[in-house]
1. If I ask for residues that are within 15 Å of ASN62 (Cβ to Cβ) and either open to solvent by 50 Å² or more (accessible area, probe 1.4 Å) or of a type in the set (Lys, Arg) (or both), which ones from the stretch 85-104 would you list?
2. Answer yes or no as to whether THR29 is at pLDDT 85 or above and either more than 25 Å from THR108 (Cβ to Cβ) or among the hydroxyl-bearing types (Ser, Thr, Tyr) (or both).
3. Give me the pairs: first residue in the stretch 159-177 and more than 13 Å from VAL138 (Cβ to Cβ), second residue modelled with pLDDT under 90 and not in a helix (DSSP H, G or I), beta-carbon distance under 9 Å, and six or more apart or on different chains, which are they?
4. Quick one: in the stretch 115-141, which of the residues that are surrounded by 13 or more Cβ atoms within 10 Å (Cβ to Cβ) and in contact with a Lys or Arg (Cβ under 7 Å, 6 or more places away or on another chain) is modelled with the lowest pLDDT?
5. Conditions: (1) open to solvent by 90 Å² or more (accessible area, probe 1.4 Å); (2) within 22 Å of GLU48 (Cα to Cα); (3) modelled with pLDDT of 90 or more. LEU78 meets all but one. Number of the miss?
6. Keeping to the stretch 145-172, report how many residues are of a type outside the set (D, E, K, R) and more than 18 Å from GLN183 (Cα to Cα).
Amino acid sequence: MDFLFNKNAADFVSSASTLPYCIANDDKTLLLNYDSLDTLTNRDLISEFMKSHGFHHLVIFNMPDRADVLPLKDWPKLKGLFFKNTKTDIFEQGLQEIKKGALWFPRTVSDKWMRVMLETEQKNQIQSSNLTYKESKVLHLLSSGATCPQIADALFISEATVRVHLHKIYQKINVKNKQKALQWCERNIDKLNKLTG
């Protein structure tokens with residue numbers, strides 16, 4: 001693998017189309033061409049290289065507009081991403097901000113990562129309530145306006161069993177009654193829908 005050490009961002013940006021796959025500048029930032037991912041290098045190789053050479057930041061450049069960015073969020077010490085057609089002045093500004101300790105990700109990328117993080121957090125939150133699948137179904141039916149007899153019919157269980165489930169659910173989601181449970185459902189309906197599929 002060839003590495004080119006550049007003294008300033010302008011040299012790097014102006015020659016980006018002819019650069020080798022991996023470039024390191026003297027700010028201890030490793031600049032990695034997106035085209036080299038999974039062909040010449042991978043996350044583990046880069047992690048080991050960065051550790052052994054003392055790099056503090058990773059920047060991936062030359063990224064296609066429609067690249068799958070979700071796997072990139074787990075790359076070690078990733079501080080910035082730049083699309084293929086990033087203007088030179090924006091690239092330079094981004095590298096300078098990264099050098100100062102900031103992160104530099106396109107809004108579309110950070111939005112995608114944020115959505116995934118929130119979905120994961122919501123799923124974990126509902127799972128942390130320790131609701132069983134059956135309890136989640138009972139709660140989902142309750143939130144859709146079903147009565148205890150209707151829930152019992154829908155799930156082929158007795159009304160007494162529905163009441164037992166509701167009692168356990170109230171304890172798990174830390175509410176005292178049906179009205180509070182319905183409010184909890186309103187706040188967590190997306191999570192509840194995903195859990196009950």
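The values are calculated or read from the model by the stated rules, or taken from the named source; none is laboratory data. Remember, it's a predicted structure, so these values are computed and weren't measured experimentally. In this analysis, Cβ positions are derived from the backbone assuming ideal geometry, glycine residues included, and neighbour counts consider all displayed protein chains. For accessibility, only protein heavy atoms count, side chains too; no ligands or nucleic acids. Shrake-Rupley method; radii C 1.70, N 1.55, O 1.52, S 1.80 Å.
1. ASN85, LYS87, THR88, ILE90, TRP104
2. Values: at pLDDT 85 or above: yes; either more than 25 Å from THR108 (Cβ to Cβ) or among the hydroxyl-bearing types (Ser, Thr, Tyr) (or both): yes.
Yes: the conditions hold for THR29.
3. ASN174/SER129
4. Looking at the filtered set, the residue picked out is ILE126.
5. Only one criterion in (1) open to solvent by 90 Å² or more (accessible area, probe 1.4 Å); (2) within 22 Å of GLU48 (Cα to Cα); (3) modelled with pLDDT of 90 or more is unmet by LEU78, namely (1).
6. Start the filter on the stretch 145-172 by keeping residues that are of a type outside the set (D, E, K, R), which leaves 145-152, 154-158, 160-162, 164-167, 169-171.
Then keep just the ones that are more than 18 Å from GLN183 (Cα to Cα); that gives 149-152, 154-158, 160-162, 164.
So the count comes out to 13.
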